[in-house]
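The values are calculated or read from the model by the stated rules, or taken from the named source; none is laboratory data. All figures in this text were calculated on a predicted structure; none of them were measured in a lab. When we count neighbours, we look across all protein chains shown, and the Cβ atoms used for this are built from the backbone with ideal geometry, even at glycine. The protein model used for the area step is the full one, side chains on, heavy atoms only, and it has no ligands, DNA or RNA in it. Shrake-Rupley method; radii C 1.70, N 1.55, O 1.52, S 1.80 Å.
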Amino acid sequence: MNVVGTKEALDILQQGCDGIYTTDELRTRLDSRTPMRVKLGMDPTAPDLTLGHTVVLRKLRQFQDLGHKAVLIIGDYTAMIGDPSGRSKTRPMLTPEQIETNAKTYLRQAGKVLDLSEEKLEVRHNSEWLTPMTCADVIKLMSSMTVARMLERDTFATRQAQGKEIYLHELLYPLMQARDSVAVHADVELGGTDQTFNNLCGRDLQRQAGQPPQIVMVLPLLVGTDGHEKMSKSLGNYIAVTDTPAEMFGKVMRIPDERMRSYFALLTDVADADVAHLTDFEKQNPRDAKEVLAKTIIGQYHSAEDGDSAAEEFRRVHSGGGGGLPDEIPEIVVPAEALDGDKIIPIDLVTHCGFETSRSKARRLIAERGVRINGEVIESAEDRVSIASGDIVQRGRRKFVRLTLP
């Protein structure tokens, strides 16, 4: 165990939490000086982790540094059901193949935050104990909660009030996540505020199983770069752990000024006094705060040198110096079948450049005047444009592609 005293450990662990159930229980377990098993469940519903995921991962790392054991649950079984938390409609069920593909990247990316050594981390897949369950086992599990209690959950209550469907398999999700806590004998479970109901279910099932109920610690959800919705890849308002330094820097610079404090608090260890100084926008330029935030985040997931380089590149591109172009621009070869002589339909150009994945999104991007060729805005999504090898196609202010014609 770490030699840090109870008060200091409690101060560290409470920081940034939205709620603890209960603080007195946490204090008692810290007083016991016995290493705790701290559970975090993650369903592999997408191939990459975002900075939103790192909010709870950073809290889990704090427990590791204080001498406790992190138990990371890869929800390969529960991902097939789909967590209804915070959703206004049923989540599509994933195939085992999709789940396996996504899960392969999770541990490697989580390792950018967690200590992956055996003595500090235990990784489990909940298919270990959920797959062998019989129909009788599932019925017994369902008997641990009433329908009325389940429908108290905000997600279900909202959908019911709106006349939207709630499917029976969705009611199983909180119980199966709670079953995870019993299986691994969790002392603590971490999650976002949208997981509060699920995590508290774990306390109930542990009591019924004769185990001490886990302490539940919930953390705020990170708002995405749009400043409104929870960070999500499906909403396009995310910063991925795997983003390049340049991508991270550019995305951070788009974050609304009023979100700076929460980003510093949830994603960095920058001292409160420094954050207060940086975010006093009556005295400071918000751009300065964003640059410090961007360089700090890049330093955590890449290196300090990468942060400095990304900042310099961003200034150069956006100041208009050096032609406003990055030093390194990826090249793509335009397929011959997409061309009519030296002309191409703009929608096809956008998708070939990788700026959008569908024709409808490409059309919308062009309509919003978001694509340029050699600095000139593409005005029409349908009228063919002339291109040549060496032309620079630009999306927004950060993405560039150099064309090569066959």
**Item:** helices (runs of 4 or more DSSP H) wholly inside region 93-209 that include at least 3 residues being among the polar types (S, T, N, Q), at pLDDT below 95 and under 24 Å from Lys69 (Cα atoms)
**Value:** 196-208
**Prompt:** Restricting attention to region 308-327, does a residue exist that is loosely packed, with under 12 Cβ neighbours inside 10 Å and part of a loop (DSSP other than H, G, I, E, B)?
**Reply:** yes
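Report the residue count in region 336-347 for those that are in contact (Cβ under 8 Å) with a residue 60 or more places away in the chain and open to solvent by 40 Å² or more (accessible area, probe 1.4 Å).
The total comes to 2.
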**Request:** Quick one: which residue in Asp288, Asp243 is open to solvent by less than 30 Å² (accessible area, probe 1.4 Å), acidic (Asp, Glu) and either at pLDDT below 95 or part of a loop (DSSP other than H, G, I, E, B) (or both)?
**Result:** Asp243
**Prompt:** If you check every pair at least six apart or on different chains, which have Cβ atoms under 6 Å apart with a residue in region 370-398 that is charged (D, E, K, R) first and a residue that is not in a loop (DSSP other than H, G, I, E, B) second?
**Reply:** Arg372/Gln394; Arg384/Lys343; Asp391/Ile373; Asp391/Leu403; Arg395/Val371; Arg398/Gly250
**Request:** Report yes if some residue within region 264-274 is within 20 Å of Arg398 (Cα to Cα) and either assigned to a loop (DSSP other than H, G, I, E, B) or over 14 Å from the mean Cα position of the chain (by Cα) (or both); otherwise report no.
**Result:** no
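Please verify whether Val71 is at pLDDT 80 or above, open to solvent by less than 30 Å² (accessible area, probe 1.4 Å), under 25 Å from Thr242 (Cβ atoms) and of a type in the set (Val, Ile, Thr), treating the condition exactly as stated.
yes
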**Message:** Could you check region 291-307 and list, in sequence order, the residues that are open to solvent by less than 50 Å² (accessible area, probe 1.4 Å) and either of a type in the set (A, V, I, L, M) or in a helix (DSSP H, G or I) (or both)?
**Reply:** Glu291, Leu293, Ala294, Thr296, Ile297, Ile298, Gly299, Tyr301, Gly307
**Request:** Go through (1) open to solvent by 20 Å² or more (accessible area, probe 1.4 Å); (2) touching a helix residue (DSSP H, G or I) at 6+ places or on another chain (Cβ under 6 Å); (3) at pLDDT 85 or above one by one and return the number of the condition Ser358 breaks.
**Result:** (2)
**Asked** Of the residues Val385, Val350, Val401, which is open to solvent by less than 40 Å² (accessible area, probe 1.4 Å) and either over 25 Å from Glu313 (Cα atoms) or among the basic types (Lys, Arg) (or both)?
**Response** Val385
**Message:** Return the residues of region 192-217 that are touching a strand residue (DSSP E or B) at 6+ places or on another chain (Cβ under 8 Å), crowded, with 24+ Cβ neighbours inside 10 Å and not polar (S, T, N, Q); say none if nothing qualifies.
**Reply:** Gly202, Ile215, Val216, Met217
**Message:** Looking at Val333, Val317, Val350 in this structure, which one is more than 27 Å from Met260 (Cα to Cα), β-branched (Val, Ile, Thr) and in contact (Cβ under 8 Å) with a residue 60 or more places away in the chain?
**Reply:** Val333
**Prompt:** Does region 2-19 include one or more residues that are within 13 Å of Asp187 (Cβ to Cβ), touching a residue at least 60 places away in the same chain (Cβ under 8 Å) and not basic (Lys, Arg)?
**Reply:** yes
**Asked** Failed condition for Leu221, given (1) farther than 18 Å from Glu170 by Cβ; (2) outside any loop (DSSP other than H, G, I, E, B), with all others met?
**Response** (2)
